[in-house]
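The values are calculated or read from the model by the stated rules, or taken from the named source; none is laboratory data. Remember, predicted model here, so these are calculated numbers, not experimental data. A quick note on method: Cβ atoms are made from the backbone with ideal geometry, for glycine too, and the neighbour counts reach across all protein chains shown. SASA here: full protein model, heavy atoms, side chains in, ligands and nucleic acids out. Shrake-Rupley method; radii C 1.70, N 1.55, O 1.52, S 1.80 Å.
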Amino acid sequence: VEKDERQEESEDALPKADKDEEVKVIVMEGAGRAFSAGGDIRYMKAHCEEPDFATKSMAALAGKLAEDIIHMKKLSKIIVCAVHGACAGGGMNLALGADYVICSDDAKFIQAFAGIALCQDTGAGFLLPRIIGANRALDLALDNTISDSDGRQVKADEALAIGLVKEVVPKEKLDETVHAFAKKLTEGPLLAYQNIKKLMYISLYQGFEDYSKQEAGLVGECSASEDFKEGITAFLEKRKPQFKGR
């Protein structure tokens, strides 16, 4: 929720890479045990009682994250994303901003928002239906069956079956596979790739910018609710939340 140096570096890296003529394809990957665990629940819990939290923190962040995904979709260069371990919440949606996702066999994708009484952010409500279909996208958004509110986990094989990822490989082969695929792309007709990506944006994503404005406001509305405060408290206490619908 608070911008850290790594986030600033990643935001700077994409436009720099897109303008750099030496860069042909962009590879995005996570460090550590997982690709991304999503938003910082402890930060949310610590600040959720502040008067401006819903609008100046949550809604503002949602708007910025959606802008980042729009920017990724508009980049001229192909983005290949490598996912290992957990890929949850906004982290999952960041991966959706890439043009290709290749994951390891230990990957699990989680739309964890409803479990803490939030609607999706980072463009998920726009991206997911276009990638895996409306019914599956709604199922992933609404089905929260895990007691600690993580949400339904889509493991690697299911992710491949529903079109969420391009390929699943053994964890130890992920880096090698992703970089080999990226190298293969660099040997292709890059101008044609650029224009294919541009046409894909026009075809599928032109309404994304209007959507993102609505998304930010709805995230702010959810984060001001009693259910959200109960959701993040229950998450940290590792218990099932008791939602009241308000």
Picking from P189, P129, P15, which is most flexible by a Gaussian network model of the chain using Cα springs under 10 Å? P189
What's the local net charge at L204, with K and R +1, D and E -1, over the other residues with C-beta under 15 Å away? +2
Expressed as a whole number of Å, what is the distance separating the alpha-carbon centroids of the range 191-212 and the range 36-59? 31 Å
Compute the Cα gyration tensor for the range 119-234, then decide on rounded, prolate or oblate, letting a ≥ b ≥ c be the square roots of its eigenvalues: rounded whenever a/c is under 1.5, prolate when a/b is larger than b/c in the other cases, and oblate in all that remain. oblate
Size of electric dipole in the range 82-143: Cβ of Lys, Arg +1 and of Asp, Glu -1, about Cα centre, debye, nearest 20: 120 debye
Counting each DSSP H run of 4 or more residues in the chain as -39500 (n - 2.57), what helix-only mean residue ellipticity at 222 nm follows after dividing by all residues, to the nearest 500 deg cm²/dmol? -15500 deg cm²/dmol
Quick one: among R152, R136, R33, which has the greatest mean-square fluctuation in a GNM of the chain with alpha-carbon springs under 10 angstrom? R33
If you place +1 on the Cβ of every Lys and Arg and -1 on the Cβ of every Asp and Glu, how big does the dipole about the Cα centre of the chain come out, in debye to the nearest 20? 560 debye
In terms of the Cα gyration tensor, with a ≥ b ≥ c the square roots of its eigenvalues, is the range 41-150 rounded because a/c is under 1.5, prolate because a/b exceeds b/c, or oblate? oblate
Over the chain, average the accessible area per residue using a 1.4 Å probe and give it in Å², no decimals. 52 Å²
Most mobile listed residue (K24, K16, K213) in the chain, GNM with C-alpha springs under 10 Å: K16
In debye, nearest 20: dipole of the range 1-130 around its Cα centre with unit charges on the Cβ of K, R (+) and D, E (-)? 440 debye
Quick calc, E50 & E237: beta-carbon distance into FRET formula, R0 22 Å, rounding 0.05, result 0.60
With a 1.4 angstrom probe the carbon and sulfur portion of accessible area for the chain, in percent, totals 52 percent
Using Cα pairs under 8 angstrom and six or more residues apart, how large is the relative contact order of the chain, in percent? 25 percent
In what sequence, highest mean first, do 107-113, 93-99 appear when ranked by Cβ atoms within 10 angstrom? 107-113, 93-99
Classify the chain from the C-alpha gyration tensor, please: rounded if a/c falls under 1.5, else prolate or oblate depending on whether a/b exceeds b/c. prolate
